[in-house]
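Below: one structure, written as structure tokens.
No lab work stands behind these numbers, since they all come straight from the coordinates. Treat the numbers as computed from the prediction; the structure is a model and nothing was measured. Glycine gets a Cβ as well: all are built from the backbone with ideal geometry, and neighbour counts include every protein chain shown.
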Ligand code: KG4
Ligand code: ZN
């Protein structure tokens, strides 16, 4: 192995099949992300279809990334693969593939936690995205507010009690008759809408909450979703939905962003640290980035992944694998995928 190891990162936890070839911490030599469009007609990911689709393309996706890098599989020094959390059938495709490759070549293997990788997605391109920072991880399956004093040590401040932030975008898009995934669709519709047109609730955000309260940092999005559904039904009945769709999208987006920003700022105040990192698919949201940057002001710093690295990708898996490898960790060949893999190093308050 040279001074800078060649890491192959493989991601198959949901509906993206992705492989990346990373040299050292930042040199992305090859990267393929294949988004499955098989789910579109169902308005959400169908687990069985996702697993089969991963199986069909995983070889080609890895080959493609290696070809971009101008390398062979034998040049890989370390294999990193998402071991969870995610859809079990989908995860198994990547884990089985990586185990077989690591075993055949006699190379080390790291089972990566998908959400820890979302944290590292930012550091991959932005060397300043280093702890300490407050992290907001917002994806289709998770909403986590963390205090990160150093890599590998994560203090859980808050989480969603029902729907994840991305899930709320996906469900509201469906209610509005927009496509899947919902986040980008809502963002597009919201561009021509008025965010003040509909006064949707800001769940779990009251000015009388105090840091000791157990809902001070927690999130809830299912009530907001119901409020949108009720409004959409009213608009449908009165025949105003077509005219109001953009306004509803903008007002819903603003409600989610308000809550995400306000809870993150509570953590910023309590920790006395004006450094914030956002990761996960919802970190692609322009409204969230703008809202967070505005709240942090000139003396704060916001670190976010660029669009391609915000949603699921193999590059962040390779980067996180390298971190774990550097700490001396190695996965046994008995590594298994786990739908509910616990976040490594995560402690509750
Ligand atoms: O991290 P990710 O690719 O997959 C999971 O690990 O779940 O996140 C996907 C989620 C979807 O719910 C999608 O609607 C949301 O990220 N998303 C967005 C935007 N782009 C993607 N949500 C809001 N605004 C966006 N621009
Ligand atoms: Zn993700």
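Quick notes on this one:
- Sorting 299, 213 by the number of Cβ atoms found within 10 Å of their own Cβ, with the fewest placed first, yields 299, 213.
- The chain: angle of helix 314-326 to the longest principal axis, Cα-based, in degrees nearest 10: 60
- Top of 184, 132, 332 by mean-square fluctuation, Gaussian network on the chain, Cα under 10 Å: 332
- A Gaussian network model of the chain, with springs between Cα atoms under 10 Å, assigns the largest mean-square fluctuation among 222, 285, 207 to 207.
- Folded to 0 to 90 degrees: helix 114-123 orientation relative to the chain principal axis, Cα: 90
- Ranked for footprinting exposure by Cβ neighbours inside 10 Å, fewest first, 174, 263 give 174, 263.
- Contact order normalised by residue count of the chain, Cα under 8 Å, 6+ apart, percent: 25
- In Å, descending, principal axis extents of the Cα set of region 134-239: 52, 31, 22
- Of the Cα atoms belonging to region 267-349, the radius of gyration and Dmax stand at 16.2, 49 Å.
- Helix 47-69 vs. the chain, principal-axis angle (Cα, 0 to 90°, nearest 10): 60
- Calculated over region 67-169, the projected area of the Cα convex hull averaged across directions stands at 8.5 nm².
- Residue order, fewest to most surrounding Cβ atoms within 10 angstrom, among 6, 278: 6, 278
- All Cα-Cα distances of region 251-294, cut into 10 Å bins from zero to the largest, leave 27, 58, 15, 0 percent in each bin in turn.
- Converting the Cα gyration tensor eigenvalues of the chain into ellipsoid dimensions via √(5λ) gives semi-axes, longest first, of 35, 24, 17 Å.
- Note on the chain: GNM, Cα springs under 10 Å; of 44, 280, 94, the largest mean-square fluctuation is that of 44.
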